[in-house]
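Nothing in this text is a laboratory measurement; each read-out follows from the coordinates by a stated rule. Since we're looking at a predicted model, the values are computed, not measured. Quick reminder, even Gly has a Cβ in these numbers, built from the backbone with ideal geometry, and neighbours come from all protein chains shown.
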Amino acid sequence: MKRAIIYARVSTGEQNLDMQLKELPEYIQRRGWTLTETYSDKVSGAKDRRPALDRLMADARRRKFDVVVVWKFDRFARSTSHLLKALEEFSALGIDFVSLHESIDTSTPLGRMTFTILAAVAELERSTIRERCDAGRKAAKRRGVRFGRPAVEVNVSKIRDLRREGLSLRGIAHKVGVSHETVSKLLAAQN
């Protein structure tokens, strides 16, 4: 018998979990699974830190359950990429994922196919973004845009003089406004 857990979330204090917490246990019972725990958050889905979701993911890594059941994708994940990362982790751990309202169940062949399609679309999106970023950088370089830190004019003779006066590399760096690594490199290049 599979051990199932529920994850439920509402965004605001005015909302409540009643609808989710009524339908999800009924679904689990119809499937013949055992409900072992309910994780619930009352926080925006856009938040990176959600206490119950963080605890759920930690418990997944401890293999405390076999199936995660949610009312809708948007109750669980803040974005498609967040959802896919979690689903990939669940898959690696042998944990199934069910979204009741989207009728996605990764314990079935159709559910696994849907997950595979979602993962492929996400990979296409990542590749497209990467290609656009690379093309944008190349175009900017052709226009003469320089990337990285701006070049800093450094008075090397002043650095040498300060070193002869006995100042430490950090002391010199502070006086001339550069890092002590830069001072070290410039002094080494002079020798």
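Some values worked out for this structure:
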| read-out | value |
| --- | --- |
| MRE, 222 nm, helices only [DSSP H, n ≥ 4, -39500 (n - 2.57), over the chain, to nearest 500] | -17500 deg cm²/dmol |
| Globularity ratio of the chain, using Cα Rg and 2.2 N^0.38 Å | 1.70 |
| Residues with amide H under 5 Å from that of ILE104, placed H, sequence gap 5 or more | SER99 |
| Extension gain, ARG30 back to ARG143 (0.36 nm per residue minus Cα-Cα distance, nm) | 34.4 nm |
| Ellipsoid equivalent to segment 84-141 - semi-axes via the Cα gyration tensor, in Å | 33, 11, 8 |
| Extension reserve of the ASN16-ALA119 stretch, reckoned as 0.36 nm per residue once the Cα distance is removed | 33.9 nm |
| Those residues of segment 149-176 whose amide nitrogen sits under 16 Å from the label point placed on SER184, 7 Å along Cα→Cβ | 168-174 |
| Rounded FRET efficiency, nearest 0.05, which uses the C-beta distance separating ALA92 from LEU167 and R0 of 45 Å | 0.25 |
| Exposed GluC sites (Glu not before Pro) absent: longest stretch of the chain, with sites in DSSP loops and at most 15 other Cβ within 10 Å deemed exposed | 15-101 |
| Loop-exposed trypsin sites (Lys or Arg not before Pro) per DSSP, neighbour cap 10 Cβ within 10 angstrom, longest uninterrupted part of the chain | 63-142 |
| Cα-only Debye scattering, segment 3-109: base-10 log of I(q)/I(0) at q = 0.15, 0.23 Å⁻¹ | -0.56, -1.45 |
| Computed FRET value (nearest 0.05) for THR38 with ARG78, which takes r as the C-beta separation and R₀ as 22 Å | 0.65 |
| Translational D in µm²/s for segment 90-191 (Stokes-Einstein at 10 °C, 1.306 mPa s, Kirkwood Rh from C-alpha pairs) | 82 µm²/s |
| Magnitude of the charge dipole, the chain, Cβ model with Lys/Arg +1 and Asp/Glu -1, debye to 20 | 1180 debye |
